[in-house]
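K.L.:
Right, I'll just put the structure down here and ask away after.
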Amino acid sequence: MTLTHWTLALGGLGLLLLGMQLLTEGLKTAAGSHLQQFLERSTQTRARAALSGFAVTAVVQSSSAVVVALLGFTNAGMLKLRQAAWVLFGSNVGTTMTAWIVALIGLKINIGIIAWPLIGLGMLLQLLQKKTTLGSVGLAIAGFGVLFVGLDTLRDAFELVVTLLPVEQLQVSGIGGILLAVAAGTALTILVQSSSAALAIILTASVSGIFSPLAGAAVVIGANIGTTATAILASFGATAHAKRLSAVHVLMNAVTGLTALVLLVPLWLTAEWLAGGEQVVNISTGLAVFHTLFNAMGLGLMWLLDERIFRAVERWYRLPALRSGEPRFLDKTILEVPAMGLRAVQQEQARVLRQYQLRLRALLRDSQLPDEAVEDIATGELLQHIAAYLQKLSTHPMQGDEALQLTELYGQQARLLDLRQLVEKLAVAATTEIDASLAQGLRELLLELLSGSQMNERSPAQWQTIVSAIQSTRSLLRSNWLQQIARAELAPTQGVVLVQLASHWERCAVLLAALENQQPSLNYL
């Protein structure tokens, strides 16, 4: 094999990876925020979430890209673990479409008939419609064409490789041979960072007769396992949410891969029969059927095992406590996607508001408070994390709704800081002074305002009704205290303290209502 042959193989691999990257990037850019909106709407049940994962991956042609996007959505709190996990399970089945494209189109027709026109048309659209959705679609079309050219080049290269390799040594025999083939598939996927690309390489090589059907099936299983490397790498330094999803991905693929290995022979025989029988089967088609069979089997296994897996990863990766100063959602990996970063800040600000709700209920000595409230130091630490994250987020270019949302979040942050100062002032007051400042039903009104069971359902008008009642009560108390001071029934210094404390309670109520009405999606416990 000459240097030219080696460069041909390397060039084919490069074109394959370049085509997949262009296809993925083009479709991601064209989708914009629509992908997030689609997933949020279509993940309400396990079946719908799995179907969404299948559809998105079949279109984007990269389960790795879908996994990274899901990690970002989970990091930012846009999707809950169970929603994202079922999208992930469906994505595993969606990635089988790559094998079918390669087996039925890429290896059986004259590539030039479709590849070169796709590249030309796609790049023409991209050049004429730059920075538009149509331009991004053009980039994806061109990527699809480049992908096919890469496949064709790889096929030619593998036909040369097979004449030099001792093919008989690559036939699977025994458990050792199967495990070696699995390891080879895993290593290949980790190397190219794309299970779709790895599958394209494996199916292209299989047509050249490099390995036996069972060896090919084992390598395909390894490629499925290897795709978890992307999720593992992307979760380094991420939040507990992302680590949980990454762990689910690893467990799902490990369980599916192990089951497929145990059932390797019957699964392959079934795939061979479905592909037309031993006398008719094209190995690439058989491997595509095999890949689909064991991923569909994996989806069925998850239907039975999902809750056990979820409970396990939730034990392994604990979320920071509600009152902790450690962020739950802020993560540097989602800074590059403003929508995710903005949502993460919103979620953390919701935690701060919940912390202050508990703190105020503790100061009011609420008998319904589930447990003892902690000191406010954790909230101050969390506010510092949010402020630093907002500063980093503001360095990324934004426009339209995203720019407006960033401005609103800065306003929320200012209100939360004002609320912090008020709570600190209330916290240092003597218990007798606190009790005296809560006369005339002010305590009851404040507890009604802070009732966790009603805060989610309360309309803006209902919030305003309670705040107005608190303001009226505070005004009445102030008038009474001033009259008592005039009659020498209350010391002026003591009266000033009570007036200030009542004013602090009123201001807390106004800020809480404003924060709630600006972020109606916050969830209170």
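The values are calculated or read from the model by the stated rules, or taken from the named source; none is laboratory data. Quick caveat, the model's predicted, so the values are computed rather than measured. Please note: Cβ atoms are built from the backbone with ideal geometry, for glycine as well, and neighbour counts cover all protein chains shown. Side chains included, ligands, DNA and RNA excluded: accessible areas come from the protein's heavy atoms. Shrake-Rupley method; radii C 1.70, N 1.55, O 1.52, S 1.80 Å.
For every residue, the table says whether it meets (1) within 26 Å of residue 244 (Cα to Cα); (2) surrounded by fewer than 24 Cβ atoms within 10 Å (Cβ to Cβ); (3) modelled with pLDDT under 70; (4) among the acidic types (Asp, Glu).
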{"position": "7", "(1), (2), (3), (4)": "no, yes, no, no"}
{"position": "19", "(1), (2), (3), (4)": "no, no, no, no"}
{"position": "36", "(1), (2), (3), (4)": "yes, yes, yes, no"}
{"position": "68", "(1), (2), (3), (4)": "yes, yes, yes, no"}
{"position": "74", "(1), (2), (3), (4)": "yes, no, no, no"}
{"position": "88", "(1), (2), (3), (4)": "yes, no, no, no"}
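K.L.:
Take segment 310-331 and flag every residue that is free of Cβ contacts under 8 Å to residues at least 60 places away in the same chain, over 15 Å from residue 85 (Cβ atoms) and surrounded by fewer than 18 Cβ atoms within 10 Å (Cβ to Cβ). Can you show your working first?
P.N.:
Taking segment 310-331 as the starting set, the residues that turn out to be free of Cβ contacts under 8 Å to residues at least 60 places away in the same chain are 311, 315, 321, 323-324, 326.
With over 15 Å from residue 85 (Cβ atoms) added as a condition, the list becomes 315, 321, 323-324, 326.
Within segment 310-331, 315, 321, 324, 326 meet the criteria.
K.L.:
If you check 48, 41, which single one turns out to be within 26 Å of residue 311 (Cα to Cα) and at pLDDT 80 or above? Reasoning before the result, please.
P.N.:
On the way: 41 fails: at pLDDT 80 or above.
Every option except 48 fails the conditions.
Yes/no per residue for (1) in contact with a strand residue (DSSP E or B) (Cβ under 9 Å, 6 or more places away or on another chain); (2) more than 18 Å from residue 67 (Cβ to Cβ); (3) modelled with pLDDT of 85 or more:
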| site | (1), (2), (3) |
| --- | --- |
| 189 | no, no, no |
| 204 | no, yes, no |
| 210 | no, yes, no |
| 214 | no, yes, no |
| 235 | no, no, no |
| 244 | no, no, yes |
| 267 | no, yes, yes |
| 290 | no, yes, yes |
| 302 | no, no, yes |
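K.L.:
Let me ask something else about it. Answer with yes or no whether residue 97 is assigned to a loop (DSSP other than H, G, I, E, B) and either aromatic (Phe, Trp, Tyr) or at pLDDT 70 or above (or both). Lay out the reasoning, then the answer.
P.N.:
Numbers: assigned to a loop (DSSP other than H, G, I, E, B): no; either aromatic (Phe, Trp, Tyr) or at pLDDT 70 or above (or both): yes.
Spelling it out, it is not the case that residue 97 is assigned to a loop (DSSP other than H, G, I, E, B) and either aromatic (Phe, Trp, Tyr) or at pLDDT 70 or above (or both).
K.L.:
Would you confirm whether any residue within segment 474-486 is touching a residue at least 24 places away in the same chain (Cβ under 8 Å) and surrounded by 18 or more Cβ atoms within 10 Å (Cβ to Cβ)?
P.N.:
Yes: one or more hits.
K.L.:
For segment 395-430, give me each residue that is at pLDDT 90 or above and of a type in the set (Ser, Thr, Tyr).
P.N.:
Passing the criteria: 407, 410.
K.L.:
What are the pairs with Cβ atoms under 6 angstrom where one residue, in segment 447-466, is polar (S, T, N, Q) and surrounded by 12 or more Cβ atoms within 10 Å (Cβ to Cβ) and the other, located anywhere, is modelled with pLDDT under 90 and not in a helix (DSSP H, G or I)? Sequence gap at least six, or different chains.
P.N.:
456/524
K.L.:
Only residues that are surrounded by 14 or more Cβ atoms within 10 Å (Cβ to Cβ) and either in contact (Cβ under 8 Å) with a residue 24 or more places away in the chain or more than 17 Å from residue 332 (Cβ to Cβ) (or both): list them for segment 388-402, please.
P.N.:
Residues of segment 388-402 that are surrounded by 14 or more Cβ atoms within 10 Å (Cβ to Cβ), as a first pass: 389-390, 393-394, 398, 402.
389, 390, 393, 398, 402 - these are the residues of segment 388-402 that are surrounded by 14 or more Cβ atoms within 10 Å (Cβ to Cβ) and either in contact (Cβ under 8 Å) with a residue 24 or more places away in the chain or more than 17 Å from residue 332 (Cβ to Cβ) (or both).
K.L.:
Of the residues that sit in segment 487-503 and are of a type in the set (A, V, I, L, M) and under 26 Å from residue 418 (Cβ atoms), which one is most open to solvent (accessible area, probe 1.4 Å)?
P.N.:
Top of the filtered list is 496.
K.L.:
Test each condition in (1) closer than 24 Å to residue 247 by Cα; (2) under 23 Å from the mean Cα position of the chain (by Cα) for residue 345 and report the one that comes out false.
P.N.:
(1)
K.L.:
May I ask you to say which residue of 293, 335, 299, 304 is out of contact with any Asp or Glu (no Cβ under 6 Å at 6 or more places or on another chain), loosely packed, with under 15 Cβ neighbours inside 10 Å and of a type in the set (A, V, I, L, M, F, W, C)?
P.N.:
Just a single option satisfies the conditions, and that option is 304.
K.L.:
For segment 422-459, how many residues meet the condition of being in a helix (DSSP H, G or I) and of a type in the set (A, V, I, L, M)? Step through it out loud before you land on a result.
P.N.:
Of the residues in segment 422-459, the ones in a helix (DSSP H, G or I) are 422-427, 431-437, 442-449, 452-455.
With of a type in the set (A, V, I, L, M) added as a condition, the list becomes 422-423, 426-427, 434, 436, 442, 445-447, 449, 455.
So the count comes out to 12.
K.L.:
List the number of the failed condition for residue 340; all other conditions in (1) closer than 30 Å to residue 415 by Cα; (2) among the aliphatic types (A, V, I, L, M); (3) in contact with a Leu (Cβ under 9 Å, 6 or more places away or on another chain) hold.
P.N.:
For residue 340, the failing item is (3).
K.L.:
Cβ-Cβ below 8 Å, separation at least six or inter-chain, first residue in segment 501-513 and touching a residue at least 60 places away in the same chain (Cβ under 8 Å), second part of a helix (DSSP H, G or I) and of a type in the set (S, T, N, Q): which pairs?
P.N.:
501/437; 502/437; 505/437; 509/471; 512/357; 513/464
K.L.:
Can you tell me which residue among 498, 482, 419 is in a helix (DSSP H, G or I), under 30 Å from residue 339 (Cα atoms) and out of contact with any strand residue (DSSP E or B) (no Cβ under 8 Å at 6 or more places or on another chain)?
P.N.:
When all the criteria are applied, what remains is 419.
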